[in-house]
Structures are given as structure tokens and as C-alpha cells.
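The numbers here are math on the coordinates, done by the rules we state, and not lab data. Only a predicted model underlies this, so the values are computations on that prediction, with no experimental measurement involved. Heads up, the Cβs are rebuilt from the backbone with ideal geometry, glycines too, and the neighbour counts pull from every protein chain shown.
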Amino acid sequence: MTSKERAKFRAEAHNLTPAFQIGKYGVTEPVVAQTEEVLDAKELIKVKVLLESCPETPREVADKLSAKTGADVIGVIGGVIILYRYSEPLHEKAIKKAANIKKAKKDAASNNYGGRYDKDKWKK
């Protein structure tokens, strides 16, 4: 990942709220499973590490989560970790949606109703 991509993701993550917190037990299997689930749904997430109770540093937690989930560590700022992993299902939905919109616009433009979608409403 290039530094420009990391900077872009850091900027996008600025307004995100942490998806969950990691506390006194550190990185456990349920934490990894939850991270996997959230990464599949959102791609870019923030995770809060409770500095007072977590046995590991935020950097160590980030490295462990990255190794176990296959995510890229975008940044570690204080007790907040930013993770990114490409989600294929998320992009498939966006591609299908864009294709459907394009098809609908093409079909509407080819009708005799001035490009409007609802032909019954605009009968002459």
C-alpha cells in the first residue's frame, strides 16, 4: 500500500467511531472474529485499545490483528488503531448498483418520453 493510499484512508477514518474496544484480555479469538466480521461489512474500521487495562501496546495489538485478519494497518494513533481490508462483496454490490443505474438511464433515454422513467405519468 502506498503512502498516498494510507493518507486517503486515514482521512476517511477521521470521522469514524471505534467499532469496538480491546481491554484486559488483549487479542482473543472472539476479538479476531468480530474484527473479521466488521472488516467484511465496512472495509475501514477503527479499534480502541484501552491503554490502562490492555496487557499489550496498541502497536502490538495492531500487528496481531493485522496478521490474523489479513488487514493492513493504516495507523496507530494513541490508543486507536485504523485497519483496512478490501471487501469483495462490498464492491460487487456497488458495481451491480452502478450497472443497474446506467442501464435504467440508457433505457429511459431510448424511450419516447424525454428520458423520463415513468412513461405512464408523462403520456402526451
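Note on the range 1-26: among residues that are within 16 Å of residue 79 (Cα to Cα) and of a type in the set (Phe, Trp, Tyr), the one that is surrounded by the most Cβ atoms within 10 Å (Cβ to Cβ) is 20. Filter the range 27-47 down to the residues that are buried (at least 18 other Cβ atoms within 10 Å of the Cβ) and more than 11 Å from residue 83 (Cα to Cα) and list them by number. Selection gives 27, 31. Would you confirm whether or not the range 57-79 contains a residue that is over 17 Å from residue 28 (Cβ atoms), aliphatic (A, V, I, L, M), under 16 Å from the mean Cα position of the chain (by Cα) and surrounded by fewer than 16 Cβ atoms within 10 Å (Cβ to Cβ)? No, the range 57-79 contains no residue that is over 17 Å from residue 28 (Cβ atoms), aliphatic (A, V, I, L, M), under 16 Å from the mean Cα position of the chain (by Cα) and surrounded by fewer than 16 Cβ atoms within 10 Å (Cβ to Cβ). All conditions in (1) outside any loop (DSSP other than H, G, I, E, B); (2) in contact (Cβ under 8 Å) with a residue 12 or more places away in the chain hold for residue 37, with the sole exception of (2).
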